[in-house]
1. Checking G174 against (1) in a strand (DSSP E or B); (2) more than 13 Å from the ligand (Cβ to nearest atom): exactly one of these is not met. Which one?
2. Could you list, in sequence order, the residues of region 289-323 that are small (G, A, S) and either within 12 Å of V248 (Cα to Cα) or within 16 Å of the ligand (Cβ to nearest atom) (or both)?
3. Hey, among K254, K270, which residue is closer than 18 Å to G302 by Cα, charged (D, E, K, R) and not assigned by TED's automatic domain parsing to the domain that holds G139?
4. Considering only region 85-118, how many residues are away from the ligand (no atom under 16 Å from the Cβ), closer than 29 Å to L196 by Cα and assigned to a helix (DSSP H, G or I)?
5. Suppose we filter A237, A261 for residues that are within 16 Å of the ligand (Cβ to nearest atom) and crowded, with 16+ Cβ neighbours inside 10 Å; which single one remains?
6. Does L147 satisfy the condition of being of a type outside the set (G, A, S), buried (at least 24 other Cβ atoms within 10 Å of the Cβ) and over 10 Å from the mean Cα position of the chain (by Cα)?
7. Go through (1) assigned to a strand (DSSP E or B); (2) hydrophobic (A, V, I, L, M, F, W, C); (3) closer than 26 Å to R152 by Cα one by one and return the number of the condition I256 breaks.
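The values are calculated or read from the model by the stated rules, or taken from the named source; none is laboratory data. As the structure is a prediction and not an experimental result, all values here were calculated from the model. Reconstructed Cβ throughout: ideal geometry from the backbone, glycine too, with neighbour counts over all protein chains shown.
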Amino acid sequence: MIRSIVRGVGSSLPRRIMKNADFEGVVETSDEWIAQRTGIRQRHIASDDETTASLGEAAARVALADAGLTPADIDLIVLATSTPNNTFPATAVEIQNRLGMHHGFAFDMQAVCSGFVYAVTTADLYIRSGMAKRVLVIGSETFSRILDWNDRSTCVLFGDGAGALVLEAGEGEGTIADRGILAASLRSDGVHKDKLYVDGGPSTTGTVGHLRMEGREVFKHAVGMITDVIEATFAQAGITAEDLDWFVPHQANKRIIDASAKKLGIAEEKAVVTVNLHGNTSAASVPLALSVAVADGRIKKGDLVLLEAMGGGFTWGAVLLRW
Ligand SMILES: CC(C)(COP(=O)(O)OP(=O)(O)OC[C@H]1O[C@@H](n2cnc3c(N)ncnc32)[C@H](O)[C@@H]1OP(=O)(O)O)[C@@H](O)C(=O)NCCC(=O)NCCS
């Protein structure tokens, strides 16, 4: 059977680093409060010349180089983002053009922090249907542009960045010993749409708007939703937490990561944590964490890796793959 196999990974971060201490004087907060409640120590913030398209392009180029491929080898780009350069056209098309790619097709996916998990799942379906052979899956965000910098309960949590994977069609036996994507589950429930949202948009206010969040409400639902969708993915693949080599969760809050891993019985040392370095980069957080864990030698060919995310909507999902 056809499997979607990871051939390359890459990432890109804005030049400017903002440490927790840099908020002191901007809003009433402290390094201690932010670090204790979230695990975040710093985040990267885009400068005027850095956009979702430029960061996404840079991450894509690193992933292509890692795969030993060029844009000519790619036939689909799926970009997960909630902070596109423009309302339209899709920022994926802008990245396609920046890469000098004038064949194939490209589109954006919007599932907020779950965007990358949705995009990987979508790319897998295009590959398994035979409609695409090699797909660039990118998560790129500039959440700094939609933050209310006077709201201490949200502005300290998010950061900017991009990560990318090259997925390629390969042959598998149809067992969980195969390399590639092995199982996935996606969920959403719009009943929660007002708990984490942006208070503007083209069809309502005609403005971009700012991110609004009931942090405590999000926290309350997060662990249950994450563990449900992961258990569904384990059941699909017929595995347990002990079979995993690495757990690469969405990086919103270290306490959510720790509580989910504990509830699922995933050993602490298997969790890849980068929220301390990047903050919450929404759809970029999972591929950024993957890039870090591949670069430092943790994730190796043949490892069983679980990706997971939960975000605005709410949306949530998990993907199991063998690297
Ligand atoms: C946002 C979050 C860190 C807040 O932590 P918490 O322990 O729930 O804190 P609370 O919301 O109960 O607020 C506690 C107090 O800290 C204050 N506070 C909020 N932000 C603060 C900040 N940056 N610095 C200092 N104090 C802050 C609040 O005003 C509140 O004060 P009060 O008790 O006088 O009203 C936490 O709820 C969270 O992580 N939620 C999930 C968010 C998330 O992951 N979102 C993305 C999902 S994709």
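1. Of (1) in a strand (DSSP E or B); (2) more than 13 Å from the ligand (Cβ to nearest atom), only one is false for G174: (1).
2. Within region 289-323, A289, S291, A293, A309, G311, G312, G313, G317, A318 qualify.
3. It is K270.
4. 5
5. Values: A237 fails: within 16 Å of the ligand (Cβ to nearest atom).
None of the others qualify; the one that does is A261.
6. no
7. (1)
This table checks each residue for (1) free of Cβ contacts under 8 Å to residues at least 12 places away in the same chain; (2) buried (at least 24 other Cβ atoms within 10 Å of the Cβ).
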residue	(1), (2)
L277	no, no
A283	no, yes
A289	no, yes
A295	yes, no
I299	no, no
G302	no, no
M310	no, yes
G313	no, no
